[in-house]
Every structure is written in structure tokens, then in C-alpha cells.
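For reference, the structure discussed in these notes is given below.
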Amino acid sequence: MTIHVFLDTEFTSLAESASLISIGLITDEGERSFYAELSDTYTQEDCSDFVLQQVLPLLDASPITESVNYKHVYARMTLAETSLHLNYWFAALIDPVQVWTDAPNFDWRYIQQLFNTTGLPYNLLTTPNTILGKDTSANARYQNTVEREYSQNTLKRHHALDDAKAMRLGWLAINSFN
């Protein structure tokens with residue numbers, strides 16, 4: 001059985017040289033999540049005005065502790081710690097993992113960066129899937145679901161974990177019709 005994991009990242013700007021600020025992932029059944037805010041990859045001077053106004057105010061994680069529950073990780077950590085703990089998080093899933101994202105050209109490069117020295121986790125498939133496709137009806141169901149979650153103030157737009165949760169809910173809305 002392949003586990004679907006929804007991924008979102010926040011980064012300093014849209015430039016190719018942008019740095020990772022935060023990463024959020026949640027499994028398809030919603031039982032496991034991973035959220036990390038990076039403490040050593042950027043400075044405020046690196047950030048675009050948009051990021052300064054929309055992303056940084058949402059950062060709220062406490063520093064990583066020695067005792068980590070790999071069912072739900074929510075912490076501030078270094079890039080090296082994020083790589084280590086995200087690898088453990090994927091390993092705890094055991095089954096093959098397929099990543100889904102709404103922006104694979106942005107999000108996937110940060111997964112590759114995190115595992116640059118160690119290689120991807122053994123159970124992580126090497127190519128992400130994109131949620132939105134050519135089916136305009138499915139795309140509309142996805143967008144309506146995502147927008148509803150943000151408008152109800154249950155999720156914060158531009159918070160990596162909340163965006164991953166919104167993607168998951170949108171994906172479920174698309175796939176409930178299949």
C-alpha cells in the first residue's frame with residue numbers, strides 16, 4: 001500500500017536562490033504530520049516583502065526537544081535536525097510514500113535539499129505528484145474546498161502545515177467522486 005503525503009513549503013522568495021523557512025507534511029488519513037521551522041537557513045534580510053508580511057508572522061514553533069513523537073512533529077530546528085527527523089518520520093510510515101503537492105517545482109527541490117547528503121528515505125518515491133490536473137471540474141472542487149477551509153479560519157494560508165492540510169482536504173474532495 002502506498003501512503004499519500006501532502007507537502008508544502010515556505011521559502012524566502014520566488015528566486016532560484018531562495019532558502020527554506022518551513023516545511024509541512026500530512027498523511028492522507030490525517031493521522032501523522034510533520035512541521036519544521038528552520039532556524040539556520042535564512043535571515044529576515046533574505047526575505048521578500050510578501051514573506052515578511054504573510055509568512056514570518058505565522059511562525060510559532062518551539063525548539064525541538066530530545067523526546068520526539070514521530071506521529072506529530074511540530075518544532076523549530078536546524079536544517080540538519082530537520083533532515084534527520086524528517087527521515088525518521090518517513091521511516092515510521094514504513095510503506096512506500098508518494099508526495100503530493102500543488103507546486104512541485106518549488107516544494108520538491110526542498111525535499112531534495114534536505115536529503116542532499118543522505119539520499120532520499122528508502123520508502124520515499126522519487127517523483128512527486130501534482131494535485132491539480134487537466135480536469136477542470138476536479139480542479140474547481142479542489143479550489144472550493146481549500147478556499148472554504150481558509151475562509152472558515154480553521155487553517156492559516158501560508159503556514160506550511162496548514163497549507164498541506166488544505167491540500168489534503170482538497171485532494172479528498174477530488175477523490176471522493178472517483
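The values are calculated or read from the model by the stated rules, or taken from the named source; none is laboratory data. This is a predicted model, so every value here is computed, not measured. Glycine gets a Cβ as well: all are built from the backbone with ideal geometry, and neighbour counts include every protein chain shown. In case anyone asks, the SASA skips ligands and DNA or RNA and just uses the protein heavy atoms, side chains included. Shrake-Rupley method; radii C 1.70, N 1.55, O 1.52, S 1.80 Å.
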Using the structure shown, decide if F90 is open to solvent by 30 Å² or more (accessible area, probe 1.4 Å), of a type in the set (A, V, I, L, M, F, W, C) and modelled with pLDDT of 95 or more. no
Specify the residue that is most open to solvent (accessible area, probe 1.4 Å); the eligible residues are those in segment 40-67 that are modelled with pLDDT of 95 or more and among the charged types (D, E, K, R). E45
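Just one of P128, P96, P121 is within 25 Å of L155 (Cα to Cα) and either touching a helix residue (DSSP H, G or I) at 6+ places or on another chain (Cβ under 7 Å) or touching a residue at least 12 places away in the same chain (Cβ under 8 Å) (or both); which is it?
Every option except P128 fails the conditions.
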Hey, among A173, A138, A164, which residue is of a type in the set (A, V, I, L, M, F, W, C), surrounded by 12 or more Cβ atoms within 10 Å (Cβ to Cβ), within 27 Å of A80 (Cβ to Cβ) and in contact with a Phe, Trp or Tyr (Cβ under 8 Å, 6 or more places away or on another chain)? A164
Give the number of residues within segment 1-39 that are free of Cβ contacts under 8 Å to residues at least 60 places away in the same chain, open to solvent by 10 Å² or more (accessible area, probe 1.4 Å) and among the charged types (D, E, K, R). 3
For segment 134-152, pairs from a residue that is over 12 Å from M167 (Cα atoms) to a residue that is assigned to a helix (DSSP H, G or I), with Cβ under 6 Å and 6 or more apart or across chains, are A138/I174
